[in-house]
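**Student:** For reference, the structure I am asking about is given below.
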Amino acid sequence: MRYSESFIYTLKEDQKEAAIVSHNLLLRGGFISKLASGIYNYLPLGLRVIRKVSEIVRQEMNAAGALEILMAAVQPAELWIESGRWNDYGKELLRIKDRGDRDFVFGPTHEEVVTDIVRKFAKSYKNLPVNLYQIQTKFRDELRPRFGLMRGREFIMKDAYSFDADEDGMDISYLKMRDAYFNIFRRCGLAFRSVEADTGSIGGKDSEEFMVLSSTGEDEIVVCDSCEYSANTERAESITQDEPGTEKELRKVETPNKQTIKDVCEFLDKDEQFSAKALVYKNEDGKIFCFFVEGDDELNEIKAARATGSIELTMLTDEELEKAGLLKGYIGPIDFPNKDIEIVCDKRLKNRNALVVGANEEGYHFVNAKFGRDFKYRTADIRNVKENEICPRCKSGRLSKIRGIEVGHIFKLGLKYSKAMKAEFLDKDGKTQPFYMGCYGIGIGRTAQAAIEQNNDEKGIIWPISIAPFEIEIVPLDSKDIGLVNFCDRMYDYFENTLGIEVLYDDRAERAGIKLNDMDLIGIPIRIVVGKKSFADNKVEVSLRRNRNDKTLVDRDAAIEYVVELREKLYKELEKIREV
Ligand code: ATP
Ligand code: MG
């Protein structure tokens, strides 16, 4: 592509709306443009990257035996009512009506539609297994759309769905997808890791997420320093070895003006671990829950939602607390004042013999409270694992936390949808059986942007070659030197038309500095610069975007061959597993 004939508009200034570097660079490099909150247009450069990522995904899906289809984006509500998710999916679901006032949704995911397709056609065990996938635009009305393509409302996803006759078959389909995912993210040049995950509203049993490691990632991952264990904090567990404390008689004590658990414990000279703090939330139906966790623990909202069968939990405001009859700063599990509120305690509280807890009375707390003796409620794992706790798998390693961007997610759904939607086939004995299903998603835009988050410098993007919008750039520094320009024209023509390699040819009559800066921002992996002086010496200058200090002067006649080899070398590097 000739730059002069392209539609590339770079921006000098950092973009205020971008909170992370990859979003800023996508906007500044002219890859995307914003249409509305969480809704973006893909400009030519952006679309090229999206197509590159999609093609890698497509090749690996096909190689794993999945078949490409394209499902309708707009789906009738009936299917969602059948699966039960019309009620369960929450506000992320974009509901729309047609002119006849009939309900539809713009698909956030396609379990219902694909299950409907398969139950119509695959009537016998002989038709199984089957795995159908698509690459398509989804819509989710995210609470906090942000970070550009990372958390959009409209975004492109690859979603695949496997259907098997039994559980063993489902496990095999799942493992095939898992292998394909490793290939995909490796080929995209990412440093990633697979982790145990929560199954969320899609529901099911085993589930793993593929995380691109990055300090700006929205997900927190717990990893063991001695075994393979790694899990999303939404799911992670740990072994804690705490002293239970000595059992003593319950006493009410004055704690004037001490409202935070930290202040209270300091005042009473108690360790925060030996206290229970209250966190009060309401769910999507307005039902209120009070969660108790140890004073120095954090509540994990996803675990808390799972424990209470909620879709979304929001913390009560001060006014709402007051209305519910709860005294901020003094909420405790003993003689809890509101019987309509459901209480869940973190399971660690069961092991403590002497806790500081609020007395539900202004200026008072209890000391020496004991679970089972002074109060008793349902318990569940609702806390965040802390650094340095012991690994639940190997039972000896220590846990630490890193951050990641979830680019892919694979689930074993089991019978959840097939049962709800009566999706059945005839087995060998002529009996009807529900399908064992799996589902497998990849965020195409998120993957592309995660690659930028991992590969950039102060000048701009450093694309892995496999997903770069162009593989090579040619930059003539003097557009008035006819011989030089002719040489570049020929080189460009040869790459594009003889070798079929995509080149961005900066044929603009701009100053050298502007051209080089734009190209650095856009981040094409291999550069050929043809300057007046080196050209006169029969040379061109070749460099990699990732290491501009290392420039090689190559003989003019050998330039193409040299660059083709360099390109192959970059692809070869991607064959190395980058799972970390
Ligand atoms: P998250 O926890 O980030 O909201 P999710 O669990 O809702 O993700 P899935 O339903 O598993 O995501 O969707 C499959 C993949 O689609 C994700 O792994 C992610 O790469 C991508 N994805 C999900 N939501 C978005 C979004 N709002 N914008 C861009 N990509 C997304
Ligand atoms: Mg989500």
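**Student:** Is at least one residue of segment 116-134 within 14 Å of Tyr417 (Cβ to Cβ) and either within 16 Å of ligand 2 (Cβ to nearest atom) or within 17 Å of the chain's Cα centre (by Cα) (or both)?
**Tutor:** Within segment 116-134 (the criterion being within 14 Å of Tyr417 (Cβ to Cβ) and either within 16 Å of ligand 2 (Cβ to nearest atom) or within 17 Å of the chain's Cα centre (by Cα) (or both)), the answer is no, since none of the residues qualifies.
**Student:** Only one of these is closer than 30 Å to Ala197 by Cα and touching a helix residue (DSSP H, G or I) at 6+ places or on another chain (Cβ under 6 Å): Glu294, Glu237. Name it.
**Tutor:** Exactly one residue qualifies, and that residue is Glu294.
**Student:** Same structure, new question: How many residues does segment 40-72 contain that are surrounded by fewer than 13 Cβ atoms within 10 Å (Cβ to Cβ) and within 21 Å of Ala160 (Cβ to Cβ)?
**Tutor:** Qualifying residue count, segment 40-72: 4.
**Student:** I'd like to check something: does segment 461-482 contain any residue that is modelled with pLDDT of 95 or more, aromatic (Phe, Trp, Tyr) and more than 35 Å from the chain's Cα centre (by Cα)?
**Tutor:** Looking for residues that are modelled with pLDDT of 95 or more, aromatic (Phe, Trp, Tyr) and more than 35 Å from the chain's Cα centre (by Cα), one finds none in segment 461-482, hence no.
**Student:** So which strands (runs of 3 or more DSSP E) are wholly in segment 7-97 and hold at least 3 residues that are within 20 Å of Glu142 (Cα to Cα)?
**Tutor:** 32-36, 39-42, 94-97
**Student:** Any idea which of Gly414, Gly408, Gly372 is in contact with a Phe, Trp or Tyr (Cβ under 9 Å, 6 or more places away or on another chain), in contact (Cβ under 8 Å) with a residue 12 or more places away in the chain and surrounded by fewer than 22 Cβ atoms within 10 Å (Cβ to Cβ)?
**Tutor:** None of the others qualify; the one that does is Gly414.
**Student:** Would you be able to tell me the number of residues in segment 298-319 that are in contact (Cβ under 8 Å) with a residue 60 or more places away in the chain, surrounded by fewer than 18 Cβ atoms within 10 Å (Cβ to Cβ) and of a type outside the set (A, V, I, L, M)?
**Tutor:** So the count comes out to 2.
**Student:** Sticking with this one: Where in segment 415-498 are there strands (runs of 3 or more DSSP E), lying wholly inside it, with at least 2 residues that are away from ligand 2 (no atom under 16 Å from the Cβ) and within 21 Å of Ala558 (Cα to Cα)?
**Tutor:** 472-476
**Student:** I'm checking my understanding of the structure. Among residues of segment 16-33 that are in contact (Cβ under 8 Å) with a residue 12 or more places away in the chain and loosely packed, with under 15 Cβ neighbours inside 10 Å, which one is farthest from the chain's Cα centre (by Cα)?
**Tutor:** It comes out as Glu17.
**Student:** Separate question: Scanning segment 505-552 for residues that are free of Cβ contacts under 8 Å to residues at least 12 places away in the same chain and in a helix (DSSP H, G or I), which turns out nearest to Gln449 (Cα to Cα)?
**Tutor:** Once the filter is applied, the top-ranked residue is Ile514.
**Student:** May I pose another question? Tell me which of these Gly38 doesn't satisfy, since it passes every other one: (1) touching a Pro at 6+ places or on another chain (Cβ under 6 Å); (2) more than 16 Å from ligand 2 (Cβ to nearest atom); (3) among the small types (Gly, Ala, Ser).
**Tutor:** (2)
**Student:** Looking at segment 188-198, can you tell me whether even one residue there is crowded, with 21+ Cβ neighbours inside 10 Å, within 16 Å of ligand 2 (Cβ to nearest atom), outside the structural domain of Thr308 (by TED's automatic domain parsing) and under 19 Å from Ala63 (Cβ atoms)?
**Tutor:** Within segment 188-198, none of the residues are crowded, with 21+ Cβ neighbours inside 10 Å, within 16 Å of ligand 2 (Cβ to nearest atom), outside the structural domain of Thr308 (by TED's automatic domain parsing) and under 19 Å from Ala63 (Cβ atoms).
**Student:** A further question follows. Residue by residue through segment 304-326, note down the ones that are touching a strand residue (DSSP E or B) at 6+ places or on another chain (Cβ under 7 Å) and either closer than 26 Å to Val264 by Cβ or not β-branched (Val, Ile, Thr) (or both). Break it down stepwise before answering.
**Tutor:** At the first step, the residues of segment 304-326 found to be touching a strand residue (DSSP E or B) at 6+ places or on another chain (Cβ under 7 Å) are 304, 307-308, 313-316, 321, 324, 326.
Selection gives Ala304, Ala307, Leu313, Thr314, Met315, Leu316, Leu321, Ala324, Leu326.
**Student:** Restricting the first residue to segment 553-574 and requiring it to be free of Cβ contacts under 8 Å to residues at least 60 places away in the same chain, which pairs with a second residue that is of a type in the set (Gly, Ala, Ser) and assigned to a helix (DSSP H, G or I) meet a Cβ separation below 9 Å and a spacing of at least six or different chains?
**Tutor:** Between residues of segment 553-574 that are free of Cβ contacts under 8 Å to residues at least 60 places away in the same chain and residues that are of a type in the set (Gly, Ala, Ser) and assigned to a helix (DSSP H, G or I), the close pairs are Leu553/Ser534.
Conditions tested, residue by residue: (1) under 19 Å from Lys328 (Cβ atoms); (2) assigned by TED's automatic domain parsing to the domain that holds Ala276.
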| site | (1), (2) |
| --- | --- |
| Lys347 | no, yes |
| Arg352 | no, yes |
| Val356 | yes, yes |
| Tyr364 | yes, yes |
| Phe371 | no, yes |
| Phe375 | no, yes |
| Val385 | no, no |
| Ile390 | no, no |
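Every residue, every condition in (1) closer than 25 Å to Ile444 by Cα; (2) at pLDDT 95 or above; (3) crowded, with 17+ Cβ neighbours inside 10 Å, yes or no:
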site: Tyr89; (1), (2), (3): yes, no, yes
site: Glu92; (1), (2), (3): yes, no, no
site: Tyr125; (1), (2), (3): no, yes, yes
site: Val130; (1), (2), (3): yes, yes, yes
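**Student:** Scan segment 139-158 for residues that are within 13 Å of ligand 2 (Cβ to nearest atom), more than 12 Å from the chain's Cα centre (by Cα), hydrophobic (A, V, I, L, M, F, W, C) and not in a loop (DSSP other than H, G, I, E, B) and jot them down.
**Tutor:** Result: Phe139, Phe155.
**Student:** Kindly list, by first and then second residue, each pair from a residue in segment 42-55 that is farther than 18 Å from His23 by Cβ to a residue that is small (Gly, Ala, Ser) and assigned to a helix (DSSP H, G or I), limited to pairs with Cβ atoms under 7 Å and residues at least 6 apart or on different chains.
**Tutor:** Taking only residues 6 or more apart or on different chains, the pairs are Lys52/Ser466.
**Student:** Name the single residue that is surrounded by the fewest Cβ atoms within 10 Å (Cβ to Cβ) among those in segment 211-234 being part of a loop (DSSP other than H, G, I, E, B) and away from ligand 1 (no atom under 16 Å from the Cβ).
**Tutor:** My answer is Ser215.
**Student:** Can you tell me which residue in segment 553-580 is surrounded by the most Cβ atoms within 10 Å (Cβ to Cβ), limited to those that are aliphatic (A, V, I, L, M) and part of a strand (DSSP E or B)? Give the derivation first.
**Tutor:** As a first pass, look at segment 553-580 and keep what is aliphatic (A, V, I, L, M): 553-554, 558-560, 563-564, 566, 570, 574, 577, 580.
Among the residues that remain, those that are also part of a strand (DSSP E or B) are: 553-554.
Values: Leu553: 11, Val554: 20.
Looking at the filtered set, the residue picked out is Val554.
**Student:** Follow-up. Kindly establish whether Ile172 is assigned to a helix (DSSP H, G or I), modelled with pLDDT of 95 or more and surrounded by fewer than 19 Cβ atoms within 10 Å (Cβ to Cβ).
**Tutor:** Judged against the criteria, Ile172 is a match.
**Student:** So Leu175 passes all but one of these: (1) under 30 Å from Glu575 (Cβ atoms); (2) in contact with a strand residue (DSSP E or B) (Cβ under 7 Å, 6 or more places away or on another chain). Which condition number does it fail?
**Tutor:** So the condition that Leu175 fails would be (2).
**Student:** Of all residues in segment 280-308, which are among the aliphatic types (A, V, I, L, M) and farther than 23 Å from Gly329 by Cβ?
**Tutor:** Ile302, Ala305, Ala307
The values are calculated or read from the model by the stated rules, or taken from the named source; none is laboratory data. Owing to the predicted nature of the structure, the values given are computational and were not obtained by experimental measurement. Neighbour counts are summed over all protein chains in view; Cβ atoms, including those assigned to glycine, are modelled from backbone coordinates with ideal geometry.
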